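The values are calculated or read from the model by the stated rules, or taken from the named source; none is laboratory data. In this text, all values refer to a predicted model and were calculated from it rather than measured experimentally. Cβ atoms come from the backbone with ideal geometry, glycine included; neighbour counts cover every protein chain shown.
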Amino acid sequence: MESTQRHSLRTCLSYARWRSAEEIVTAEGQTVNEPVLNKAGEVVGHKVKRHPATTIAKDSLASMLRASALFGFDPSSRSRLSVGEPTSADPFELFMQGIGADESHDAEEALQNSR
């Protein structure tokens, strides 16, 4: 598996985890009540704690943002990308140039000659 494929897969998995965690937080709230026990093991009260899904959502979002930088999704990372010039003519561009012209055969020939 190539590096780009691994980053794509990692981004997809992070998105799935983030979305799942956000759905849980939306349904259950951002906090949970944890029981406070005395030495005998009896519940004597409750302590409000952050819902564990909020941490999963935060970590997954951070992972998505790191991975998205590799694809140039923000201006800073986009400026660091180096993309080479195309090595052959774009078949769709050649097709579009031939639309409306009576010589559609010329576009086909140009495509064949560019290969």
**Message:** Suppose we filter the stretch 19-52 for residues that are β-branched (Val, Ile, Thr), in a strand (DSSP E or B) and under 30 Å from residue 64 (Cα atoms); how many remain?
**Reply:** 3
**Prompt:** Do you know which of the residues in the stretch 21-35 that are of a type in the set (Gly, Ala, Ser) and in contact (Cβ under 8 Å) with a residue 12 or more places away in the chain is farthest from residue 63 (Cα to Cα)?
**Reply:** 29
**Asked** Since residue 93 meets every condition but one in (1) at pLDDT 75 or above; (2) closer than 30 Å to residue 21 by Cα, which condition does it not meet?
**Response** (2)
**Fill in**
Condition set within 10 Å of the chain's Cα centre (by Cα) and surrounded by fewer than 16 Cβ atoms within 10 Å (Cβ to Cβ), scope the stretch 1-26, selection modelled with the lowest pLDDT: answer is 8
